[in-house]
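Participant: After the structure tokens below, expect a handful of questions from me.
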């Protein structure tokens, strides 16, 4: 049986760098870094005080006023990027053959924390507004998006922390291949929250300055927020113009530790290999890797090993981490970085690492892009997303025929 | 489904019992009923009952040093995974086994506890031990760490359809060749915040969960874990596995409902119809319904529409409503098919609906459908039939 080819026909992106894909992309290529002061909540108790906060006013969600009042910050961020992806692919609404696969992280936590703080201080009799809890469970964002665009095909919310939205994109592609949907809106959204801020600081995993992926002095992550969505379509039924081809994906598990990656990156490498095999792509033809690249000492060293093991010691692939520009957007990271990878393939530019100065020998010989975007004809690109629980997901995108 | 899927193992911890055989005996006997939960911060007069897993010694499955790093979700998850693997005598290599966990609200207790300490210490003293278990995929990660399984690993969240969603995805992964076996189902720990929210929304019963009964006055939360071992039928036969039941079809229906609200009954009917069509079945003898004492009318309407003559029962009378109870519901469906017996709905004395609602165990011949109902507009049905 011949598998149908899948194309990406729409991209939606909202990060601290900008409100849409065009604004984010031009800032990325120019080497901007959105990691800075955070005032969404009090960060003064923590060593890490910088993050990539969305500071502009979020666009009005395409929902009735009654619904808009119930949206969490994460929902609003997600709806904006989802709307852009739908618009870019030329769809005003979906139908019963249009699926929805969303990756979630902290989700509505930021809003639920407002309620829960009063619950803790005032007890269960608190009169704190209950609507702050309405998006507390991670599936809420997908439900608002499905409602806004009438997407009545298969629907799923993946909640595997930092790999959620990458896996959601892979599941979306499998649905199209298996004939369960003709097109799927897929990706993810996440917002900053006190719980994740306090949590990563408690693990001493936050760099006091902007995160420095692959740098010798890297000291941890910078947290961020945002959303990235793609519209995937079966090529022979595609209505939108192809930006890139979705090649394949792979998911594996470390079976090692809840928060530390396996130091040899064995299962992470297996995820990259599985994705390349799924895509039928020769590892030597991978020209760009959008790394998970969190900036923690453990991740970047293990990931470099995984990349070399999967692509070959002689790989010429350029590597960069979008987290140096938009922070670690947790549940959204797979979607945000898949969107950036698709734009890199479509525009022929490898995005940079803007904060990296001095490459860690433990991460050599990975070819890291410095400063600004590097013009590069990209035949195939890999986007990595790894997560708590030892969860690894890799995606492969390829250049669309011109 | 183009690929035939076999259920070859059941790992279950739920109020009626632990392990496939004890659970099944307990379910047929009507379960143990709900019991009082201590320590939840609730207003005086708020009901605080839940269907809880009977006491057990976690050391049977987990090393004492490892138990200290786990929350209740992690303990339930590892126990269910090891029970399921033992039950199936699975032989697949670890990198070819998938773990697909449905988590309605997994991690909520640890997350609210973590945030409580942030509030109480004004952010000065977060608990680094607790943070890793705040993520919904902690259960799936802990299963991987405890068993050495390195294959496809993921966690899906869709309130009351989470368990069915995980099983449907596992079947798709098996069909696509992404794994050779899958541990799939759902895990729920009790979470005071979910109990509080359900009470505020008016969905909780003060006494018991009595699906389909005239006296039904709400649902009651459950603590539960239910994982199946699924394999491609051909592989299961080749290795001589004991096949408990065949997963013959999956049906999904999505409707534009907002969070915390169900879609219309027609969406539930559409999911059941789609599962039967996917299985190539014209009907089914039994529906293992999602009715939980608060969603009965919607579930009944869907069944009356699609399978008006089928026998209907719900495990919620004996197990309660965990959001990912679909894993336990699947365990019950598989046990019922293997035993050829329909379990009645516990607590049912005066049926409120014009359906065939057995009050005693009854012989089951032929296929069965289970329905998972998620708020936010997702219904999923699974069609099962006896092993060939």
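Computed from the coordinates by the stated procedures, all read-outs in this text should not be read as laboratory data. In this text, all values refer to a predicted model and were calculated from it rather than measured experimentally. Note that we place each Cβ from the backbone using ideal geometry, even for glycine, and neighbour counts take in every protein chain shown.
Participant: Looking at the square roots a ≥ b ≥ c of the eigenvalues of the Cα gyration tensor of the range A:359-402, which shape do they give, rounded for a/c under 1.5, prolate if a/b is larger than b/c, or oblate? Write down the numbers at each step before the final one.
Facilitator: Numbers: a/c = 2.70, a/b = 1.15, b/c = 2.35.
Cα axes put the range A:359-402 in the oblate bin.
Participant: Counting partner chain Cβ atoms within 10 Å of every residue's Cβ in B:105-115, what's the average? Could you put the intermediate results ahead of the total?
Facilitator: Details: counts 3, 2, 3, 3, 0, 0, 9, 7, 0, 5, 12.
Whole-number average of other-chain Cβ neighbours for B:105-115 is 4.
Participant: Fewest to most neighbouring Cβ within 10 Å: what's the order for A:393, A:318? Kindly include the intermediate steps, with their values, before the conclusion.
Facilitator: Details: A:393 35, A:318 22.
Exposure proxy ranking, most exposed first: A:318, A:393.
Participant: Given R₀ = 45 Å, what would the calculated FRET efficiency be for residue A:67 paired with residue B:359, taking r from the Cβ atoms and rounding to 0.05?
Facilitator: Numbers: r = 42 Å, r/R0 = 0.94.
Efficiency computed from Cβ-Cβ geometry: 0.60.
Participant: Arrange the following residues from fewest to most other Cβ atoms within 10 Å of their Cβ: B:61, B:24.
Facilitator: B:61, B:24
Participant: Moving on to the next point. Distance in nm between label sites at residue A:41 and residue B:238, each 7 Å beyond Cα in the beta-carbon direction?
Facilitator: Calculated label separation equals 5.1 nm.
Participant: Could you bin all the Cα-Cα distances of the range B:5-385 into 10 Å bins starting at 0 and give me the percent of pairs in each, rounded to whole numbers?
Facilitator: Percent of pairs per bin, in order: 6, 27, 36, 23, 7, 1, 0.
Participant: Something else about it: Can you work out the FRET efficiency for the pair residue B:55 and residue A:204, with r the C-beta to C-beta distance and R0 = 30 Å, to the nearest 0.05? Don't skip to the answer; put the middle values down first.
Facilitator: On the way: r = 37 Å, r/R0 = 1.25.
Plugging the Cβ-Cβ distance into 1/(1 + (r/R0)^6) gives 0.20.
Participant: Next up: I need B:59, A:49 ordered by Cβ neighbour count within 10 Å, fewest first. If you can, show how the numbers build up before the last one.
Facilitator: Values: B:59 10, A:49 16.
So the ranking, lowest neighbour count to highest, is B:59, A:49.
Participant: What does the C-alpha gyration tensor say about the overall shape of the range A:85-124? Classify as rounded when a/c is under 1.5, otherwise prolate if a/b is larger than b/c, or oblate.
Facilitator: On the way: a/c = 4.02, a/b = 3.66, b/c = 1.10.
In terms of gyration-tensor shape, prolate.
Participant: For the protein assembly as shown, what does the alpha-carbon gyration tensor say about shape, rounded, prolate or oblate, given a ≥ b ≥ c as the root eigenvalues, a/c under 1.5 as rounded, and a/b over b/c as prolate? Numbers along the way, then the final one.
Facilitator: On the way: a/c = 1.63, a/b = 1.41, b/c = 1.16.
Here the protein assembly as shown falls in the prolate category.
Participant: For peptide A:118-130, how many partner chain Cβ atoms fall within 10 Å of a residue's Cβ, on average?
Facilitator: Numbers: counts 1, 8, 8, 2, 0, 3, 10, 3, 1, 0, 0, 0, 3.
For this peptide, the per-residue mean of nearby foreign Cβ atoms is 3.
Participant: Given the -39500 (n - 2.57) contribution per DSSP H run of 4+ residues, what per-residue ellipticity at 222 nm results for the protein assembly as shown, rounded to the nearest 500 deg cm²/dmol? Spell out each step's value before the answer.
Facilitator: Details: 23 runs with 252 residues, N = 790.
Mean residue ellipticity at 222 nm (helix-derived): -9500 deg cm²/dmol.
Participant: Using 0.36 nm per residue of separation minus the Cα-Cα distance, give me the extension gain between residue A:131 and residue A:22 in nm, one decimal. If you can, show how the numbers build up before the last one.
Facilitator: Working: separation 109, 0.36 × 109 = 39.24 nm, distance 3.36 nm.
Once the chain is fully extended between residue A:131 and residue A:22, it gains 35.9 nm.
Participant: Moving to a separate point now. Within 10 Å of each Cβ in peptide B:373-381, how many partner chain Cβ atoms are there on average? Round it to a whole number, please. Walk me through the intermediate numbers first.
Facilitator: Values: counts 0, 4, 4, 11, 8, 9, 0, 3, 0.
Neighbouring Cβ atoms belonging to other protein chains average 4 per residue here.
Participant: Restricting the count to DSSP beta bridges whose residues both fall in chain B, what percent are antiparallel, rounded to a multiple of 5?
Facilitator: Numbers: 41 of 61 bridges.
Roughly 65 percent of the beta bridges in chain B run antiparallel, per DSSP.
Participant: Based on alpha-carbon centroids, what's the gap between the range A:329-373 and the range B:133-195 in Å, whole number please?
Facilitator: 31 Å
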